[in-house]
Amino acid sequence: MTVVKRLRIHGQVQGIGYRYSMLAQAVAAGVKGWVRNRRDGTVEAMVAGTPEAVQQITDWARHGPRGALVTDVRIETGEGSFGSFEQLPTA
């Protein structure tokens with residue numbers, strides 16, 4: 001069973017390697033989808049995988065890499081089918 005979630009990560013999450021670190025964590029967990037910076041200072045991600053894998057990356061998103069200061073992670077039901085996990089340009 002595949003679940004898809006859209007994450008919006010708030011806090012000090014840009015300029016500290018958050019997207020690159022999430023890419024590495026997602027690949028290690030077997031999660032597909034994408035991550036990108038938003039012009040409002042948040043990071044947005046669409047994550048797809050088994051419920052356990054999506055929970056693992058969601059748990060990681062709540063603290064992020066060293067240097068991040070995550071204040072909130074908003075989670076919504078997402079949609080889409082993905083072949084890999086990638087970084088997208090800022091939107």
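Just so you know, all these numbers are worked out from the coordinates, no wet-lab data involved. Since the model is a prediction, treat every value here as computed from it, not as a measurement. Reconstructed Cβ throughout: ideal geometry from the backbone, glycine too, with neighbour counts over all protein chains shown.
Where in the range 21-87 are there GluC sites (Glu not before Pro) that are in a DSSP coil and have at most 15 other Cβ atoms within 10 angstrom of their Cβ?
For GluC sites (Glu not before Pro) across the range 21-87 that sit outside H, G, I, E and B with at most 15 neighbouring Cβ atoms in 10 Å, the list reads 79.
Nearest 500 deg cm²/dmol is fine: what mean residue ellipticity at 222 nm does the chain get from its DSSP H runs of n ≥ 4 alone, each adding -39,500 (n - 2.57), divided by its residue count?
-8000 deg cm²/dmol
Tell me, what are the semi-axes, in whole angstrom and largest first, of the equivalent ellipsoid of the range 3-85 as set by the roots of 5 times the Cα gyration tensor eigenvalues?
19, 13, 11
In debye to the nearest 20, how big a dipole does the chain give about its Cα centre with +1 on each Lys and Arg Cβ and -1 on each Asp and Glu Cβ?
Charge dipole, the chain, about its Cα centre: 200 debye, nearest 20.
Got a sec? How would 90, 77 order by Cβ neighbour count within 10 Å, fewest to most?
Starting with the residue having the fewest Cβ neighbours, the order is 77, 90.
To the nearest 10 degrees, how steeply does helix 18-29 sit against the main Cα axis of the chain, on a 0 to 90 scale?
So the helix axis and the longest Cα principal axis differ by about 20 degrees.
Please order 71, 50 by the number of other Cβ within 10 Å, starting at the fewest.
In increasing order of surrounding Cβ atoms, one gets 71, 50.
From the phi of every residue in the range 32-47, what ³J(HN,Hα) in whole Hz does the Karplus formula 6.51 cos²θ - 1.76 cosθ + 1.60 yield, where θ is phi - 60° and glycine or proline is x?
These are the phi-based 3J(HN,Hα) values: 10, x, 7, 9, 7, 6, 10, 5, 7, x, 8, 10, 10, 9, 10, 10 Hz.
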